[in-house]
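**Student:** Shown below is the structure under consideration.
The values are calculated or read from the model by the stated rules, or taken from the named source; none is laboratory data. Note that this is a predicted model, so its numbers are computed, not measured. Reconstructed Cβ throughout: ideal geometry from the backbone, glycine too, with neighbour counts over all protein chains shown. SASA here: full protein model, heavy atoms, side chains in, ligands and nucleic acids out. Shrake-Rupley method; radii C 1.70, N 1.55, O 1.52, S 1.80 Å.
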Amino acid sequence: MNIVLGITGGIAAYKAPDLVRRLKERGADVQIVMTASAEEFVTDTALQAVSGRAVRSNLWDKEAERAMSHIELARWADVVLIAPATAEVMARIVSGGAPDLLTTICLATEAPLALAPAMNHVMWNNPATQANRAVLEQRGVHILGPGVGSQACGEEGAGRMLETDAIAAAVFDLGISHGEGLLKGKKVVITAGPTRESIDPVRYISNRSSGKMGYAMARAAVAQDAEVILISGPVDLPAPPGVEVREVTTAEQMYGATHAVIEDADIFIAAAAVADYRPVAPAEQKIKKKREAMTIELVRCPDILASVAALDGGPFTVGFAAETERLEEYARAKLVNKKLDMIIANRVGADRGFDRDDNAATVFWAAGERQFPEARKSELANELVELVAERYYALRGTGTQPRLSIISNKNRRT
Ligand code: C5P
């Protein structure tokens with residue numbers, strides 16, 4: 001993995017040489033880009049020695065730019081990691097400013113961006129910094145930490161840079177592609193998010209799905225070099241880089257959009273929370289509250305997953321089962337009734353599953369099952385997609401599996 005490691009001016013910059021070593025231990029090629037204030041905390045001599053590459057810092061260094069321009073550097077990166085990331089660099093990235101080499105690369109790269117913030121706890125908790133963090137996360141930037149504990153200023157609180165080994169592990173857990181993924185050459189269609197079924201022009205029936213799991217699955221499939229089409233209900237999430245997103249609102253639209261692209265798909269993952277029923281005849285005008293009670297007649301929505309699983313020569317199909325009770329029994333029943341290749345089951349309830357960043361899952365297929373403990377949805381998705389690929393090749397692709405080059409740290413194989 002090619003990593004551009006940006007170092008900005010916080011005291012935690014003294015840990016940067018160790019971070020470079022941890023990244024290199026995992027097989028990364030690290031190109032360091034320092035800001036002027038980082039040079040106050042750590043020397044480029046030390047960083048050059050551990051990274052084995054000349055440290056870059058000046059956007060106007062003609063000789064370095066001739067060897068590899070800032071645009072080439074931005075393209076070279078599989079990931080841009082900034083550690084430590086100051087409040088200042090977070091604000092710069094949010095505003096799109098590019099006064100130096102590092103922020104220019106952030107603007108010019110299509111690679112994922114990961115930041116390990118490090119600052120005094122009051123600075124971290126400042127509403128301006130928190131607003132910037134929220135915007136960055138909304139745009140798909142990975143925020144690693146910060147940790148809580150004693151700070152260089154002598155105070156206690158949230159704002160410590162994560163330990164270098166934890167940062168390195170987290171970067172390798174982002175599921176970033178380096179071109180030889182498990183699903184290279186495969187077309188994967190994924191549904192995500194809720195659907196909305198109109199009652200009248202201003203009201204609809206929907207559910208609590210945030211789309212986070214489906215979007216994380218899409219990101220993980222791209223990281224394994226799949227061509228991914230994401231058919232998304234209304235959600236508040238940015239389009240994952242490298243994914244073709246088709247936006248829909250209703251179950252019928254999701255059904256149509258799925259069947260429009262499914263013919264040559266290799267894998268179908270139904271992560272959407274599709275409405276089971278929709279109003280038979282949505283009112284043309286807003287319904288007025290004239291009666292004490294009212295009844296809305298509902299009709300079944302098409303089952304997208306079952307319809308794909310029933311296709312002759314259709315793709316490897318993966319369903320989700322969100323259950324509040326009797327998880328295995330209900331999930332296995334869906335596996336059989338919908339004729340699926342695999343089902344990913346998870347518990348949902350007041351404090352579980354929907355609209356959260358963490359999730360746990362148990363996966364069932366005809367002759368087996370595997371448990372996945374609670375983890376961030378992004379990490380869980382990486383592991384689930386690896387299992388999908390494994391089962392897909394076991395069932396469909398004997399002899400055509402590419403060389404395994406999984407970069408997830410936990411499941412690293414060669
Ligand atoms: O039957 P149930 O809705 O519990 O099944 C859940 C699985 O079926 C999920 O994978 C969901 O995306 C899919 N599904 C679908 N179309 C529907 C209902 C569910 O694709 N109309």
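**Student:** Looking at K339, K377, which is the one that is touching a helix residue (DSSP H, G or I) at 6+ places or on another chain (Cβ under 9 Å) and open to solvent by 30 Å² or more (accessible area, probe 1.4 Å)?
**Tutor:** Every option except K339 fails the conditions.
**Student:** Now a separate question. Suppose the filter is surrounded by fewer than 16 Cβ atoms within 10 Å (Cβ to Cβ) and either assigned by TED's automatic domain parsing to the domain that holds H70 or over 21 Å from E39 (Cβ atoms) (or both); does R139 pass it?
**Tutor:** Considered against the rule, which asks whether it is surrounded by fewer than 16 Cβ atoms within 10 Å (Cβ to Cβ) and either assigned by TED's automatic domain parsing to the domain that holds H70 or over 21 Å from E39 (Cβ atoms) (or both), R139 comes out as yes.
Let's see how each residue does on (1) hydroxyl-bearing (S, T, Y); (2) within 14 Å of the ligand (Cβ to nearest atom); (3) surrounded by fewer than 18 Cβ atoms within 10 Å (Cβ to Cβ):
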{"residue": "A223", "(1), (2), (3)": "no, no, no"}
{"residue": "V248", "(1), (2), (3)": "no, yes, no"}
{"residue": "E252", "(1), (2), (3)": "no, yes, yes"}
{"residue": "T258", "(1), (2), (3)": "yes, yes, no"}
{"residue": "I262", "(1), (2), (3)": "no, yes, no"}
{"residue": "A273", "(1), (2), (3)": "no, yes, no"}
{"residue": "A283", "(1), (2), (3)": "no, no, yes"}
{"residue": "L305", "(1), (2), (3)": "no, yes, no"}
{"residue": "D312", "(1), (2), (3)": "no, no, yes"}
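**Student:** Does K290 satisfy the condition of being free of Cβ contacts under 8 Å to residues at least 24 places away in the same chain and within 12 Å of the ligand (Cβ to nearest atom)? Show your work before the answer.
**Tutor:** Values: free of Cβ contacts under 8 Å to residues at least 24 places away in the same chain: yes; within 12 Å of the ligand (Cβ to nearest atom): no.
Against the criterion (free of Cβ contacts under 8 Å to residues at least 24 places away in the same chain and within 12 Å of the ligand (Cβ to nearest atom)), K290 does not qualify.
**Student:** Of all residues in the range 154-181, which are more than 18 Å from D18 (Cβ to Cβ) and surrounded by 14 or more Cβ atoms within 10 Å (Cβ to Cβ)?
**Tutor:** Restricting attention to the range 154-181, the residues satisfying the condition of being more than 18 Å from D18 (Cβ to Cβ) are 154-159, 173-181.
Those that are more than 18 Å from D18 (Cβ to Cβ) and surrounded by 14 or more Cβ atoms within 10 Å (Cβ to Cβ): G157, A158, G159, D173, L174, G175, I176, S177, H178, E180, G181.
**Student:** Considering the range 258-277 alone, what residues qualify as being closer than 15 Å to G233 by Cα and not in a loop (DSSP other than H, G, I, E, B)?
**Tutor:** We begin by selecting, within the range 258-277, every residue closer than 15 Å to G233 by Cα; these are 258, 269-276.
T258, I269, A270, A273 - these are the residues of the range 258-277 that are closer than 15 Å to G233 by Cα and not in a loop (DSSP other than H, G, I, E, B).
**Student:** Please name all residue pairs, on different chains or six or more residues apart, with Cβ atoms under 8 Å, provided the first residue is in the range 246-259 and is closer than 19 Å to I199 by Cα and the second residue is away from the ligand (no atom under 13 Å from the Cβ) and in a loop (DSSP other than H, G, I, E, B).
**Tutor:** Cβ pairs passing all conditions: T249/R196; T249/P234; T250/R196.
**Student:** Pick out the one residue from T317, T295 that is among the hydroxyl-bearing types (S, T, Y) and either within 8 Å of the ligand (Cβ to nearest atom) or open to solvent by less than 80 Å² (accessible area, probe 1.4 Å) (or both).
**Tutor:** Details: T295 fails: either within 8 Å of the ligand (Cβ to nearest atom) or open to solvent by less than 80 Å² (accessible area, probe 1.4 Å) (or both).
Sole residue among the options that is among the hydroxyl-bearing types (S, T, Y) and either within 8 Å of the ligand (Cβ to nearest atom) or open to solvent by less than 80 Å² (accessible area, probe 1.4 Å) (or both): T317.
**Student:** Still on this structure: Whether any residue in the range 354-367 is within 12 Å of the ligand (Cβ to nearest atom) and among the aliphatic types (A, V, I, L, M) is what I want to check.
**Tutor:** So in the range 354-367, the residues within 12 Å of the ligand (Cβ to nearest atom) come out as none.
No, because not a single residue in the range 354-367 is within 12 Å of the ligand (Cβ to nearest atom) and among the aliphatic types (A, V, I, L, M).
**Student:** Starting from residues that are among the basic types (K, R) and more than 16 Å from P302 (Cα to Cα), keep the ones in the range 191-213 and report whichever is surrounded by the fewest Cβ atoms within 10 Å (Cβ to Cβ).
**Tutor:** Of the residues in the range 191-213, the ones among the basic types (K, R) are 196, 203, 208, 212.
When the remaining residues are screened for being more than 16 Å from P302 (Cα to Cα), the result is 203, 208, 212.
Details: R203: 16, R208: 11, K212: 24.
It comes out as R208.
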